[in-house]
Amino acid sequence: MTLLHVAREAAELVKFPHTLFALPFALISMLAAAQGLPRWSVLGLILLAMVGARTAAMAFNRIADEQIDAHNPRTANRALPAGRLHRSFALAMVIIGAAVLVGAAWALNPLCLALAPLALAWLLAYSYSKRFTALSHLWLGASLGLAPVGAWLAVRGSLAAPPLVLMAAVTAWVAGFDVLYSLQDEAFDRSWGLRSLVVRLGAKRAIVVARLLHGGAAVGFAVFAWLVSAGWGLWVGVAAAVALLVWQHSIVGPGRLERLDTAFFTANGALSVLMFVLYLLDMIGRA
C-alpha cells in the first residue's frame, strides 16, 4: 500500500471533509469573540485544536464500531472492517489527534488546557452512546457544539452567553440531521439493539422531532446574531440557513431516502460555510 493510498484511507477513516460541519461555527464564534480577525497564531491554534479533536473522535468511533460496521451493509466497506487499515493505525490517530488538541489548548490559555481533557472525554464517550440511550443524537450535537465554545475561550479566555447560545443551536442542528441520517439504519439498529429516536419513536414521529430541533436551531442562530450585534452578513446567513433547513425537510421523509445524502452533506455543509463566509465578509467590510 502506497503512502498516498494510506493517506486517502486515513482521511476517509475520520471523514475529514465532514470537518466543514463544525469548523465554520467555531470560526463564527472566533470572529464574534475577537470582533474581527484574531491574531494569526490564535487562528492557527484553533484550527489545530479542531482538527486534532475531530481526528481523535472519529478514529475512536471507528474502533468502537468496527464489529457493528462489519455487519451493516452500508458501512461494511469502511477501512477497518474491510481490513484496509489496522486497529493499531486508528489507535495511533486517536493518540495523535488527542495530543494535537491538548497541545493547542496548552498554547492558547490555561482555561483551554484545563477543559481540553473534559471535552476529549465527551467526544470519545459519544462512540458508545447508541448502546444505552436514544438521545445519542443530542450527544453528537453537543460534541460539535463544543467547537464554538472552545473558539470563544481561545480568544477571550473566559465564557459568555453568545457561545453557549451558539452551542445550543449547533447541538439542535446536528441532532436534527443525525435523526434524519439514522432513518436509513432503522432496521439494522433494531436488530442489533442499538438505540436512536427512529428506533424509539418510529420514522414519522422521529422526523417531527428533527423538525422541532431544526426550528430550535434556527431560533438559536438568530438569538446568537442578536447577542453579538451582528451586521447584515450573519443575518443573511441565518436566513439562508433557515431556507436550507426547510429545503432539507422537503426532500427527506418516510420512504423518501433517495436524496438523503444530498440533504445531509450538501445542505448542511452549505449551511455552515455560507453563514461563516457571509459573516466574514461583513466583518471585513466593517473593518
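Pop a pseudo-label 7 angstrom from the Cα along the beta-carbon direction at both Arg156 and Val273 and give the gap in nm to one decimal.
Distance between label points: 2.9 nm.
Would you kindly state how much longer the chain becomes between Leu118 and Val246 on full extension, computed as 0.36 nm times their sequence separation minus their alpha carbon distance, in nm to one decimal?
Extending this stretch completely gives an extra 42.6 nm.
Measure off 7 Å from each Cα along the Cα-to-Cβ vector at Phe89 and Ala125, then give the distance between these two points in nanometres to one decimal.
3.1
Toward the positive end of the charge dipole of region 12-282, about the Cα centre and with charges on Cβ (Lys, Arg +1; Asp, Glu -1), which of Val42, Val102, Phe276 goes farthest?
Result: Val102.
Roughly how many whole Å is it from the C-alpha centroid of region 180-230 to that of region 93-159?
The distance from the Cα centre of region 180-230 to that of region 93-159 comes to 21 Å.
Helix-only estimate, please: 222 nm mean residue ellipticity of the chain, summing -39500 (n - 2.57) across DSSP H runs of length 4 or more and dividing by its residues, to the nearest 500.
Working: 14 runs with 218 residues, N = 287.
After summing the helix terms and dividing by the residues of the chain, the value is -25000 deg cm²/dmol.
Tell me the label-point distance for the pair Phe132, Trp192, using the 7 Å Cα-to-Cβ offset, in nm and rounded to one decimal.
Distance between the two pseudo-spin positions: 1.9 nm.
Values quoted throughout were computed directly from the atomic coordinates according to the rules given, and no laboratory measurement underlies them. Predicted model, so just to flag it, every value in this text is computed and none were measured. In this analysis, Cβ positions are derived from the backbone assuming ideal geometry, glycine residues included, and neighbour counts consider all displayed protein chains.
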